[in-house]
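Colleague: The structure that follows is given in the form of structure tokens.
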Amino acid sequence: MMRIGMLTSGGDCQALNAAMRGVVKCLANSGQPMEIYGFLNGYKGLINSNFRMLTADDFSGILTRGGTILGSSRTPFKTIHEPDENGNDKVESMKQTYYKLQLDCLVVLGGNGSQKTANLLREEGLNIVSLPKTIDNDLWGTDMTFGFQSAVDVATNALDCIHTTADSHGRVFIVEVMGHKVGWLTLNAGLAGGADVILLPEIPYDIDSIVKAIEKRAEKGSRFTILAVAEGAISKEDAKLSKKEYKKKLENSKFPSVSFEIADQIQKKTGREVRVTVPGHMQRGGAPDPYDRVFASRLGAVAGQLILDKEYGYMVAYKNREIIKVPLQDIAGKLKKVPADASIIKEAKMLGVSFGD
Ligand code: F6P
């Protein structure tokens, strides 16, 4: 009898269910008898031994369903060695649950922090197979994460909608896209949605350069300008601050986010009307798009095969159009940022997109 634990950790995204379904379908297809322990609400379920016994049938009919049937929560890696609310050592509790249930393997669907914890559990001797989830597409070792393409669709749709109203009113519009540390989502949605200015955390902006881009468009007869701004976009001045100084600045800011600060500055410098739209968690919600359904299913199938082959300690990943396995220790804790000299940035600039640099 194979005993498999499974959990979804961190911010949710589209196709988590599709990925779990892929794993379980592959295992079920092998004909091996199995027990599935679904830990509820991420690592918390493993820490508190809070699980549901599931069968292959529970994973039927969930290919298109958004969210996660297991629930999710954040257990930040930086707090992993701090005692939990009951005073217990989190890592020891997770190991105890794993050994008590005599699991053969723990399947983790997670983003950056969750992969770090998965690697820690691997170092502690647990058999782990993980899958790359996040709308941010910022996981090292994989060209793509599931959830990303669906989020690009949602953010692009927001930009498309804004385009028509921006044109009607001749206003400047800012659409704030998720991504505090990396700008893949903003970059791709921005290009797909025809944004005129794209601001990423990786490329600090100069407000005067943004204003110049707006005026240049106006001189050419455009009635409106659309900016796609990442949550983590940062000005050149702020980029010079230490982490601590910048945190303090944000805490004392009268603006709810960077987009509102940029809007205020543009309004003051140009006299133009500026509006901000924040699609927020809509970007993580709803059904996965067809790309993510296929992609997550493929990742799930390969993860299932790794379990059948008893090949543990890997995250399944996507490289050069192939699904591969990458050792957890090689990817854990590394962030895949948008390189400032990436060809997609150069091409966007050729199209006349301003990055405010
Ligand atoms: O999961 C990634 C992400 O959606 C980021 O893009 C975003 O900055 C963050 O999570 C939001 O986190 P929370 O759901 O905890 O507000």
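The values are calculated or read from the model by the stated rules, or taken from the named source; none is laboratory data. None of the values given here were measured: they were computed from a predicted structure. A quick note on method: Cβ atoms are made from the backbone with ideal geometry, for glycine too, and the neighbour counts reach across all protein chains shown. Side chains included, ligands, DNA and RNA excluded: accessible areas come from the protein's heavy atoms. Shrake-Rupley method; radii C 1.70, N 1.55, O 1.52, S 1.80 Å.
Colleague: Got a sec? What order do Thr8, Thr79 fall in by accessible area at 1.4 Å, biggest, i.e. largest, first?
Modeller: Thr79, Thr8
Colleague: Could I ask something else about it? Please go through region 28-127 and write out the GluC sites (Glu not before Pro) that DSSP classes as loop and that have at most 12 other C-beta atoms within 10 Å.
Modeller: Here the sparse-neighbourhood loop sites are Glu85.
Colleague: Another question, then. What lysines does Lys244 reach when the alpha-carbon gap must be under 25 Å and sequence neighbours fewer than 8 apart in one chain are set aside?
Modeller: Straight-line reach from Lys244, under 25 Å: Lys78, Lys116, Lys181, Lys236, Lys254, Lys334, Lys336, Lys337.
Colleague: Under the rule that an exposed site lies in a DSSP loop and has at most 15 other Cβ atoms within 10 Å, name the longest stretch of the chain with no trypsin sites (Lys or Arg not before Pro) of that kind, not counting the sites themselves.
Modeller: 1-180
Colleague: Would you mind checking region 203-229 for residues with the amide N under 14 Å from a putative spin-label position 7 Å along Cα→C-beta of Lys268?
Modeller: 207-208
Colleague: Within region 267-337, list the GluC sites (Glu not before Pro) lying in a DSSP loop whose Cβ has at most 16 other Cβ atoms in a 10 Å radius.
Modeller: Glu273, Glu311
Colleague: Continuing with this model, one more query. Report the semi-axes of the equivalent ellipsoid for region 22-63 in whole Å, largest first, where each axis is √(5λ) for an eigenvalue λ of the Cα gyration tensor.
Modeller: Semi-axes, largest first: 21, 12, 8 Å.
Colleague: Ala192 versus Glu35, label points 7 Å from Cα toward the beta carbon: distance in nm?
Modeller: Spacing of the two 7 Å Cα→Cβ label points: 4.2 nm.
Colleague: What is the list of residues in region 226-246 whose amide nitrogen lies under 17 Å from a point 7 angstrom out from the Cα of Ser209, following Cα to Cβ?
Modeller: Once the point is set 7 Å along Cα→Cβ of Ser209, 227-230, 232-241 turn out to lie under 17 Å by backbone N, inside region 226-246.
Colleague: Determine the relative contact order of region 1-67: mean sequence separation of Cα pairs under 8 Å and six or more apart, normalised by residue count, in whole percent.
Modeller: Result for region 1-67 is 47 percent.
Colleague: Please report, for the Cα atoms of region 151-284, the Rg to one decimal and the Dmax as a whole number; what are they, in angstrom?
Modeller: In order Rg, Dmax, the Cα atoms of region 151-284 give 14.1, 43 Å.
Colleague: Multiplying the sequence separation of Asp167 and Ser49 by 0.36 nm and subtracting their Cα-Cα distance, what value in nm do you get?
Modeller: 37.0 nm
Colleague: Can you figure out the FRET efficiency of Met1 with His180, using R₀ = 51 Å and their beta-carbon distance, to the nearest 0.05?
Modeller: Once rounded, the FRET efficiency stands at 0.75.
Colleague: Can you tell me what the convex hull of the Cα atoms of region 1-83 projects to on average, as an area in nm²?
Modeller: 5.7 nm²
Colleague: Out of all DSSP beta bridges with both ends in region 1-128, state the antiparallel percent to the nearest 5.
Modeller: 30 percent
Colleague: At 1.4 Å probe size, what's the solvent-accessible area of Asp206? Round to the nearest 10 Å².
Modeller: 60 Å²
Colleague: Rounded to the nearest 500 deg cm²/dmol, what is the calculated helix-only ellipticity per residue at 222 nm for the chain, with -39500 (n - 2.57) per DSSP H run of length n ≥ 4?
Modeller: -12000 deg cm²/dmol
Colleague: Follow-up. Rounded to the nearest 0.05, what FRET efficiency do Val294 and Asp160 have when you use their Cβ-Cβ distance and R0 = 22 Å?
Modeller: According to the calculation, E is roughly 0.40.
Colleague: Work out how much length Leu335 to Lys244 would gain on full extension: take 0.36 nm times their residue separation and subtract the Cα-Cα distance, in nm to one decimal.
Modeller: 30.7 nm
Colleague: Follow-up question, since we're still on this one. Give me, ordered by chain and number, the residues 5 or more places off Ser235 or on other chains with an amide H under 5 Å from its own placed amide H.
Modeller: Tyr205
Colleague: For region 1-151, what class follows from the C-alpha gyration tensor (a ≥ b ≥ c being the square roots of its eigenvalues): rounded when a/c is under 1.5, otherwise prolate if a/b is larger than b/c, else oblate?
Modeller: Cα axes put region 1-151 in the oblate bin.
Colleague: So, one more: Below 8 Å between Cα atoms, with a sequence gap of 6+, how large is the relative contact order for the chain in percent?
Modeller: Relative contact order here is 24 percent.
Colleague: Rg to Rh ratio, the chain, alpha-carbon atoms and Kirkwood radius?
Modeller: Expressed as Rg/Rh, it is 1.03.
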